[in-house]
Amino acid sequence: MDNIKLNKAVITEIDNLAEEMRAVARAIHKKPETGYQEYETSRLLCGFLEKNGFKVKRGIAGMETAFVASYPETAKGPAIALLAEYDALPGLGHGCGHNLIGTASAGAAAGLRKAVPEIKGKIVVMGCPAEEAGIDDAGGKIRLIKKGYFKDIDAAFIFHPFPMTTVGGETTTLIGLEFNFRGKSAHAAGNPWDGVNALDGVLQMFNGVNALRQHIRDGVRVHGIVTHGGDAPNIVPEKASARFFLRTDNKESLLELAGKVRACAEGAATATGTGLKVNTFCNLYDSMKSNPVLAGILEKNLNAIGLRVEGRKKGKGSTDFGNVTRTVPACELGLRLGNGIVPHTREFLRASNSEEGFRVMMQGAKVMALSALELLSSPDLLLKAKKEFNSSP
Ligand SMILES: [Zn+2]
């Protein structure tokens, strides 16, 4: 079969899976599970992949909800990974559309396998839990990288619904810090002079960070919440905590910023007489290094299904896909969902369970499948992508 016929066959096979994919995406949306709790979600995706001829290993890299699905199980050629994300946001369900991401990757792989059973190489779906950074030890992809699951991967793609259609682009590096202040309890009215108020430590820290804002560079983000502020108004809070995310465009400036924010906390502890413990609660998300060769392939196949790149992503968000782009040649595909709505909102939550959302998911599956096929059929392109990866910092 020539390339045009092969591509048509891939699109037809993915279209044949539309109903099944929509059912999976709907079911995931209906029962949103946050990072490392995606039990039902990963069961659905693994079931879909097994039914469609993939060999699935579950519970990998010490994460019960991570998985890796391959076809064929062993292959001589290169391995292309399509990454599945499927965690929900605490309190906001699938307001980031990860139900569409996980299903798109699984559907792309299944359609590709059906259309090209004798594929030259290996199709891998990597099931990556806990992309959303708000929870403990977040960053499933980082843990998969550390455990060697990307060692035999030659290139990786992911799709994400976005406010505009884009390939590659930029994200920030992110670190999550937790600040635990320790005081001394006392009756808040009876003998407050005997107490040390841990909440005052947290409040002073926020004041310090807000003063620091004048002196940080454009594009840097510092944002925190109080995670514990005491137990009752009539007790001087013995313990109080805050969690902050810090984001900059590179690791060096991130560590410098972390030092300054830490100093705000230390100053607050001194001023209030509280004890302080600081710990990192999620893995360090690296900024994206999009592979230009893979970006070109994604754009070409985007055009092939009648879509156009609308702009370049320059968001201040962060993703553990950034770490993947610094491990293997990789590129993200963003497809516009809705008109002017952004992820992590109620509007995006609704759009992720709409007919438009499912249409975007099918487009994502097709572009990724066609791009994976192109890479597997042209060793030169893959070589070029690897050269580019090795030569850029
Ligand atoms: Zn997301």
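Every number here is computed from the coordinates shown, using simple stated rules; none is lab data. All figures in this text were calculated on a predicted structure; none of them were measured in a lab. We place every Cβ from the backbone using ideal geometry, glycine too, and count neighbours over all the protein chains shown.
With a point put 7 Å past each Cα toward its Cβ, work out how far Lys55 is from Leu212 in nm, to one decimal.
If labels sit at Lys55 and Leu212, their model points lie 5.0 nm apart.
For Lys387 and Arg359 in the same chain, what is the full-extension length gain: residue separation times 0.36 nm, less their Cα-Cα distance, in nm?
Contour length minus the Cα-Cα distance gives 6.6 nm.
Take the chain, connect every pair of alpha-carbon atoms lying under 10 Å apart with a spring to form a Gaussian network, then pick out the residue of Ser290, Ser253, Ser318 with the largest mean-square fluctuation.
Highest fluctuation of the listed residues: Ser253.
Straight distance only, please: which aspartates and glutamates reach the Cα of Lys386 with their own Cα at less than 12 Å, same-chain residues fewer than 8 apart left out?
Partners found: Asp154.
May I ask for the distance between the Cα centers of the stretch 1-42 and the stretch 78-100, given as a whole number of Å?
The distance from the Cα centre of the stretch 1-42 to that of the stretch 78-100 comes to 12 Å.
In degrees, nearest 10, range 0 to 90: what is the angle between the Cα axis of helix 39-51 and the longest Cα principal axis of the chain?
Value to nearest ten degrees: 10.
When the C-alpha atoms of the stretch 173-284 are aligned to their principal axes, what extent does each axis show, in angstrom, from largest down?
For the stretch 173-284, the Cα extents along the three principal axes come out at 50, 26, 18 Å.
Take the Cα atoms of the chain, find their three principal axes, and give me the spread along each one in whole Å, biggest first.
Principal extents (largest minus smallest coordinate, Cα): 84, 42, 40 Å.
Tell me what the chain gives for mean residue ellipticity at 222 nm when only DSSP H runs of n ≥ 4 count, each as -39,500 (n - 2.57), the sum divided by the residue total, rounded to 500 deg cm²/dmol.
Dividing the helical sum by the residues of the chain leaves -13000 deg cm²/dmol.
Provide, for the stretch 173-284, the number of lysine pairs with alpha carbons under 21 Å apart, each pair being eight or more places apart or on different chains.
Number of lysine pairs found: 5.
Could you sort 112-123, 338-349 so that the peptide with the highest average Cβ count within 10 Å comes first and the rest follow in order?
So the order, starting with the most tightly packed, is 112-123, 338-349.
Just going by the charge dipole of the stretch 173-284, with Lys and Arg at +1 and Asp and Glu at -1 on Cβ, which of Asn279, Asn207, Ala265 is farthest out on the positive end?
It is Asn279, whose Cα lies furthest towards the positive end.
For the stretch 251-303 and the stretch 167-217, what is the separation of their Cα centres, given in Å?
17 Å
Between Tyr39 and Asp15, what FRET efficiency comes out of the Förster formula 1/(1 + (r/R0)^6) with R0 = 45 Å and r the beta carbon distance, rounded to 0.05?
The formula returns an efficiency of 0.90 here.
Relative to the present Cα-Cα distance, how much length would full extension add between Asn279 and Asp231 at 0.36 nm per residue of separation?
Stretched out fully, the Asn279 to Asp231 stretch lengthens by 15.1 nm.
Once each part is reduced to its C-alpha centroid, what is the distance from the stretch 111-132 to the stretch 313-367 in angstrom?
18 Å
Distance in nm between label sites at Lys8 and Glu64, each 7 Å beyond Cα in the beta-carbon direction?
Placing both labels 7 Å along Cα→Cβ, they lie 4.9 nm apart.
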